[in-house]
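Comments concern the structure below.
The values are calculated or read from the model by the stated rules, or taken from the named source; none is laboratory data. In this text, all values refer to a predicted model and were calculated from it rather than measured experimentally. Ideal geometry is used to build each Cβ from the backbone, glycine not excepted, and the neighbour counts take in all protein chains shown. Side chains are part of the model used for accessible areas, which takes the heavy atoms of the whole protein and leaves out ligands, DNA and RNA. Shrake-Rupley method; radii C 1.70, N 1.55, O 1.52, S 1.80 Å.
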Amino acid sequence: MEELRKLEKVQRMLEFMESRGVSNSDHNSNRFLANLILFFIEPCGDLAMNDKCCLLSQLMPTLSSAFLEDAYQHHLVTTEQENSGFQQSLVGNALLRCNPTKEYSLLQSCDENTAMVRLDSMQMANSTLEDFCRSYFMFHGLDVSKPQSIFKYLPILSFTESYIYQLDKMNEKLLQTPNNGKSVFGEKDERGTGVLVSYISNDPVRPLVIILEHKGLLTERIREELRHGEEYWALERKLCYALINKEEILVEDVMKAIHLKSFDYRVLNLLLYQLRGAKVEELHMKFLSISEFLVEDDVLENNFNILRMFIQIYGASTAPAMLAKCISEAEDKYETLLKSLDPQLSLSYQKRCAEATKEGGKVSEHPLGTWSIPTVIQDEELYRLKLKSDRCFYLNN
């Protein structure tokens, strides 16, 4: 009788879904959705419906096939149902056997494997996109002041950067838990950390790769840059964990991370060549790669930056000089390549650099701006504790 009542509930929900136009032609998919909705609207403590929506929205990007595989195995062990007859293939295994076209179609019906981006990721990626359009479009003969030049290519560029940014933020969350789930602020979140590790370590760019491949935009070079992104995230975790745990840091790893760091700009640039159906201009790629050299990030959240690593390697007194040497070498390469550009393009890019410097609130006689070595932080743990204490003071007063 209980099973009959459950079936009746599912059937009524199926009818409701059809009346709202959210059903499709696949019966199994509709039944799955009906059961999910019924589960979702069931009371659960004092959680309001809006709380459930927010919770589901936050969790969805982390539900990878690897995580579901782990959950399934855990379910088998804890319930002793190894031979229960559940033979359904998981999506992750199915993807490996599919050709790209079928793979893409499968992804459209399986949210946990679809390249999805959140609104906040799109909003936060906007500054990078604006900078890319204003700094890189000129290398493609595109006029950034004309809306049609931007909007013709914006959907793919925006989606790609937002997806990469979303993964980058996940990786940054892992940087806050370098000690067995204990964050740099002393809090624990082992379950959340486990989910993030599973997702970020299980080919997280694959859904994006599949979509780009389906759109005919994927090249081996774009695929390689996306692999560089995964390599950078892994190096960032390795270096920042070593830094916070006072372990040895190799300068080779630091320099490699620096060169990999701006992979997203290179992905966007290569995509723009594909969208335009144009051949990659190697001189431009090489010049822009040098110009992507960035120095400083915040240390509060345990993010990667070159000065922090140099302090660990060379010591607080020598690190600024080594950083200056590194910057000087990059500037020499930059100046050499700048002279190799078309004169009009060179002038346009220098004008853009001057605008960016002014917009950043800096004043410089040099059109490209000047480097500023930040204050050396010798004891990062003490620095974080002081900032946390200051925050608490201001919140309580």
- Item | Proximal charge balance of Pro155 [Cβ under 12 Å; K/R count +1, D/E count -1] | +1
- Query: What are the ³J(HN,Hα) values, in whole Hz, obtained from phi via the Karplus relation 6.51 cos²θ - 1.76 cosθ + 1.60 with θ = phi - 60°, for each residue of segment 17-23 in sequence order, with x given for Gly and Pro?
  - Reply: 4, 5, 5, 9, x, 10, 9
- Message: Test of understanding: extend the Cα→C-beta vector of Lys358 to 7 Å, then name every residue of segment 125-148 with backbone N under 20 Å from that spot.
- Response: 130-138, 144-146
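Just list whichever of Lys256/Lys286; Lys261/Lys286; Lys256/Lys279; Lys256/Lys358 have alpha carbons separated by over 24 Å in the model shown.
Numbers: Lys256/Lys286 16 Å; Lys261/Lys286 15 Å; Lys256/Lys279 27 Å; Lys256/Lys358 30 Å.
Exceeds cut-off: Lys256/Lys279; Lys256/Lys358.
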- Counting Lys +1, Arg +1, Asp -1, Glu -1, what net charge surrounds Asn24 among other residues with beta carbon under 12 Å of its beta carbon? -1
- Taking R0 as 56 Å and r as the Cβ-Cβ distance between Met116 and Glu329, the FRET efficiency 1/(1 + (r/R0)^6), rounded to the nearest 0.05, comes to 0.85
- Item | Solvent-accessible surface ranking, highest first, for Glu248, Glu8 at 1.4 angstrom | Glu248, Glu8
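For Thr336 and Arg5, calculate 0.36 nm times their separation in residues minus their Cα-Cα distance, and state this gained length in nm to one decimal.
Values: separation 331, 0.36 × 331 = 119.16 nm, distance 7.66 nm.
The span from Thr336 to Arg5 would gain 111.5 nm if fully extended.
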- So how do Val251, Val209 rank on accessible area, 1.4 Å probe, biggest first, that is with the largest at the start? Val251, Val209
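Counting only other residues whose beta carbon sits under 14 Å from that of Gly277, what net charge do I get with K and R as +1, D and E as -1?
Details: positive: Lys152, Lys215, Arg276, Lys279; negative: Glu281.
Residues near Gly277 contribute +3 overall.
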- Using a 1.4 angstrom probe and counting only protein chains, how large is the accessible area of Lys333 in Å², to 10? 120 Å²
- For the residue pair Asp143 and Leu345, what label-to-label distance in nm results when each label sits 7 Å from Cα along the Cα-to-beta-carbon direction? 1.9 nm
- Note on the structure: The simple spin-label model distance between Tyr241 and Arg134, using points 7 Å out along Cα→Cβ, in nm, is 3.8 nm
